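The values are calculated or read from the model by the stated rules, or taken from the named source; none is laboratory data. The structure displayed is predicted, hence computed values, not measured ones. Counting neighbours? That spans all protein chains shown, and the Cβs are built from the backbone with ideal geometry, glycine included.
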């Protein structure tokens, strides 16, 4: 049991390191959002699972699971809103052809082209 917890804690550290390196390496803001979500997901799940293995269904483990759940929901919603706002303001991601965003979108209405 202690070995599995140690592996999960090491996995959390590795996820944080990979996300940090990716954040430093990537230049585009939309690409950097993926690194932040990767860190949130990888570290959150690893630590929550380690807490459940360590304590069982204790109060601490349940609180960590709820914090991880709300963090994941919040980061997904924030990333979505930030990405749509950047595209609405004319930011064209490097990987997206400029023809896909030929007309500026109106941020006051839902834009069907953005998903």
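Assorted remarks:
- Sole residue being part of a helix (DSSP H, G or I), exposed (fewer than 14 other Cβ atoms within 10 Å of the Cβ) and in contact (Cβ under 8 Å) with a residue 24 or more places away in the chain, chosen from 82, 73, 21: 82
- Here is the figure for segment 24-39: residues that are touching a helix residue (DSSP H, G or I) at 6+ places or on another chain (Cβ under 7 Å), touching a residue at least 12 places away in the same chain (Cβ under 8 Å) and not in a helix (DSSP H, G or I) total 0.
- Of the residues making up segment 44-60, those that are surrounded by 15 or more Cβ atoms within 10 Å (Cβ to Cβ) and free of Cβ contacts under 8 Å to residues at least 40 places away in the same chain are 44, 45, 46, 47, 48, 51, 52.
- Every residue from segment 85-104 that is at pLDDT below 55 and either surrounded by 10 or more Cβ atoms within 10 Å (Cβ to Cβ) or more than 25 Å from residue 27 (Cα to Cα) (or both): 100, 101, 104
- Matching residues, segment 8-23, being touching a helix residue (DSSP H, G or I) at 6+ places or on another chain (Cβ under 9 Å) and farther than 18 Å from residue 79 by Cα: 8, 9, 10, 11, 12, 13, 14, 15, 16, 18, 21
- Qualifying residue in segment 27-43 (condition: surrounded by 14 or more Cβ atoms within 10 Å (Cβ to Cβ) and over 12 Å from the mean Cα position of the chain (by Cα)): yes
- Scoring residue 42 on the criteria (1) in a helix (DSSP H, G or I); (2) more than 28 Å from residue 91 (Cβ to Cβ) leaves a single failure, condition (2).
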